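Before any comments, here is the structure.
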Amino acid sequence: MIEVEKNRIFSTHGPLEIVEHIVKIPGAPMNVYSFLLDGVLIDTASPGLRTQFFEFIEHKTVDHVLHTHFHEDHIGNTAEVIQKFGIEAYIHPISVTKTTTKMRLPRYRQNVWGPPPTPFTSHAYSSTFASKNSVWDIIPTPGHTEDHVALYNRQHGYLFTGDLFVTPKPKIVLVDENILATMASLEKVQKLDFDTMICHHAGVLENGQTLIDMKLNYLKELQYRVQKFMNEGLDVFEITKTIFPKQYPIVEHSNSEWSAMHMIRVFMNNG
């Protein structure tokens with residue numbers, strides 16, 4: 001059993017209201033954020049963070065829920081939010097049917113994030129969304145998941161990136177992540193007129209364009225190194241060990257659902 005400590009911090013950034021959930025597990029502390037802007041709640045944390053999350057929204061006006069993707073730490077309390085406020089929730093069209101069925105989660109993810117979220121009825125995004133005072137562009141950004149979207153608030157120039165960015169130098173990714181699709185999505189959002197990037201695991205980042213550049217350059221260099229080692233005859237295990245010699249506890253805890261090897265394999269298969 002993974003030992004987990006939980007805490008939360010409430011803050012604001014201009015008109016943006018923020019809850020930062022701090023989840024401490026051995027060797028891998030993690031933060032996950034939810035945001036409220038113009039009555040729009042963006043992601044709803046995980047079921048295991050329900051008490052802290054509802055402290056955040058208890059006395060707030062919530063008109064809509066928008067999701068960046070279908071993972072338990074982003075949709076975890078949506079059913080309860082819908083019930084409390086009598087509102088509608090939106091997600092990528094390919095995940096509308098998924099939200100109505102119980103999510104199956106590995107044991108380690110339940111240890112960290114809590115039990116599977118309560119199923120709920122959701123609505124499919126179109127290309128834009130209108131809240132009381134703002135227009136939001138819904139930007140497909142597959143990679144981390146196939147259904148991932150970024151949300152661009154035109155009024156404030158905020159880009160909500162879900163799990164597209166997270167860190168400029170990723171060392172491990174989930175088994176389903178397509179790192180080449182992630183790179184294409186980073187290049188897509190790079191063309192937008194924004195500087196404030198709002199990441200759901202790193203918070204408000206003022207130098208968003210610079211950080212996107214850093215991550216793209218890192219991944220391009222990683223891709224080059226993988227191709228070089230592959231041309232020298234190394235296999236996926238040897239390349240992974242050469243580039244990422246450090247052992248991360250989450251790799252063992254997740255039975256390799258999280259691993260650097262998933263990035264290496266994609267680069268090798270598309271070389």
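Going through the range 244-269 one residue at a time, which ones are open to solvent by 20 Å² or more (accessible area, probe 1.4 Å), touching a helix residue (DSSP H, G or I) at 6+ places or on another chain (Cβ under 6 Å) and over 24 Å from Val112 (Cβ atoms)?
Answer for the range 244-269, where residues must be open to solvent by 20 Å² or more (accessible area, probe 1.4 Å), touching a helix residue (DSSP H, G or I) at 6+ places or on another chain (Cβ under 6 Å) and over 24 Å from Val112 (Cβ atoms): Arg265, Val266, Met268.
In the range 180-203, what residues are closer than 16 Å to His69 by Cβ and not small (Gly, Ala, Ser)?
Within the range 180-203, Thr182, Leu186, Lys188, Val189, Ile198, Cys199, His200, His201 qualify.
Exactly one condition in (1) in contact with a Gly (Cβ under 9 Å, 6 or more places away or on another chain); (2) on the phi > 0 side of the Ramachandran plot; (3) at pLDDT below 95 is not met by Lys6; state its number.
(2)
In the range 87-124, how many residues are of a type in the set (S, T, N, Q), part of a helix (DSSP H, G or I) and open to solvent by 20 Å² or more (accessible area, probe 1.4 Å)? Before the answer, list the steps.
Within the range 87-124, the first condition is being of a type in the set (S, T, N, Q), and the residues that meet it are 95, 97, 99-101, 110-111, 118, 121-122.
When the remaining residues are screened for being part of a helix (DSSP H, G or I), the result is 95, 99-100, 110-111.
The next check asks that each one be open to solvent by 20 Å² or more (accessible area, probe 1.4 Å); those that pass are 100, 110-111.
Residues meeting the conditions: 3.
On the basis of being touching a residue at least 24 places away in the same chain (Cβ under 8 Å), closer than 16 Å to Gly157 by Cα, assigned to a helix (DSSP H, G or I) and open to solvent by less than 10 Å² (accessible area, probe 1.4 Å), does Val226 make the cut?
Criteria not met by Val226.
I'm checking my understanding of the structure. Among residues of the range 119-160 that are β-branched (Val, Ile, Thr) and touching a Ser or Thr at 6+ places or on another chain (Cβ under 8 Å), which one is farthest from Glu187 (Cα to Cα)?
Checked the range 119-160; the qualifying residue farthest from Glu187 (Cα to Cα) is Thr121.
Only residues that are open to solvent by 10 Å² or more (accessible area, probe 1.4 Å) and either in contact (Cβ under 8 Å) with a residue 40 or more places away in the chain or of a type in the set (Ser, Thr, Tyr) (or both): list them for the range 42-72, please.
Those that are open to solvent by 10 Å² or more (accessible area, probe 1.4 Å) and either in contact (Cβ under 8 Å) with a residue 40 or more places away in the chain or of a type in the set (Ser, Thr, Tyr) (or both): Pro47, Gly48, Arg50, Thr51, Gln52, Glu55, Lys60, Thr61, Asp63, His64, Phe70, His71.
Restricting to the range 164-190, name every residue that is under 14 Å from Pro140 (Cβ atoms), assigned to a loop (DSSP other than H, G, I, E, B) and of a type outside the set (S, T, N, Q). Break it down into steps so the answer makes sense when it comes.
As a first pass, look at the range 164-190 and keep what is under 14 Å from Pro140 (Cβ atoms): 164, 178, 181-182, 184-189.
This time we only want the ones that are assigned to a loop (DSSP other than H, G, I, E, B), so: 164, 178.
Hit for the range 164-190 is Leu164, nothing else.
Yes/no per residue for (1) touching a residue at least 60 places away in the same chain (Cβ under 8 Å); (2) polar (S, T, N, Q); (3) in contact with a Lys or Arg (Cβ under 8 Å, 6 or more places away or on another chain):
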position	(1), (2), (3)
Ala79	no, no, no
Gly86	no, no, no
Ile94	no, no, no
Thr101	no, yes, no
Val112	yes, no, no
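Identify all residues within the range 203-223 that are out of contact with any helix residue (DSSP H, G or I) (no Cβ under 8 Å at 6 or more places or on another chain) and either basic (Lys, Arg) or surrounded by 18 or more Cβ atoms within 10 Å (Cβ to Cβ) (or both); write none if there are none.
Selection gives Val204, Gly208, Leu211.
Quick check on my filter: what residues within the range 10-41 are open to solvent by 40 Å² or more (accessible area, probe 1.4 Å), of a type in the set (A, V, I, L, M, F, W, C) and at pLDDT 95 or above?
Phe10, the sole residue that qualifies.
Hey, can you tell me all the residues within the range 143-164 that are in contact with a helix residue (DSSP H, G or I) (Cβ under 7 Å, 6 or more places away or on another chain) and closer than 26 Å to Glu252 by Cβ?
Passing the criteria: Gly143, His144.
Just one of (1) open to solvent by less than 70 Å² (accessible area, probe 1.4 Å); (2) closer than 30 Å to Asp195 by Cβ; (3) of a type in the set (D, E, K, R) trips up Asp235, so point out which.
(2)
Do you know which residues across the range 23-73 are of a type in the set (Val, Ile, Thr) and under 18 Å from the mean Cα position of the chain (by Cα)? So that I can check it myself, show each step before the final result.
Step one: filter the range 23-73 for residues of a type in the set (Val, Ile, Thr), giving 23, 25, 32, 40, 42, 44, 51, 57, 61-62, 65, 68.
Residues satisfying the conditions are Val23, Val32, Val40, Ile42, Thr44, Val65, Thr68.
The values are calculated or read from the model by the stated rules, or taken from the named source; none is laboratory data. Predicted model only: the values in this text are computed from it and were never measured. Counting neighbours? That spans all protein chains shown, and the Cβs are built from the backbone with ideal geometry, glycine included. With ligands, DNA and RNA removed, areas are computed over all heavy atoms of the protein, side chains included. Shrake-Rupley method; radii C 1.70, N 1.55, O 1.52, S 1.80 Å.
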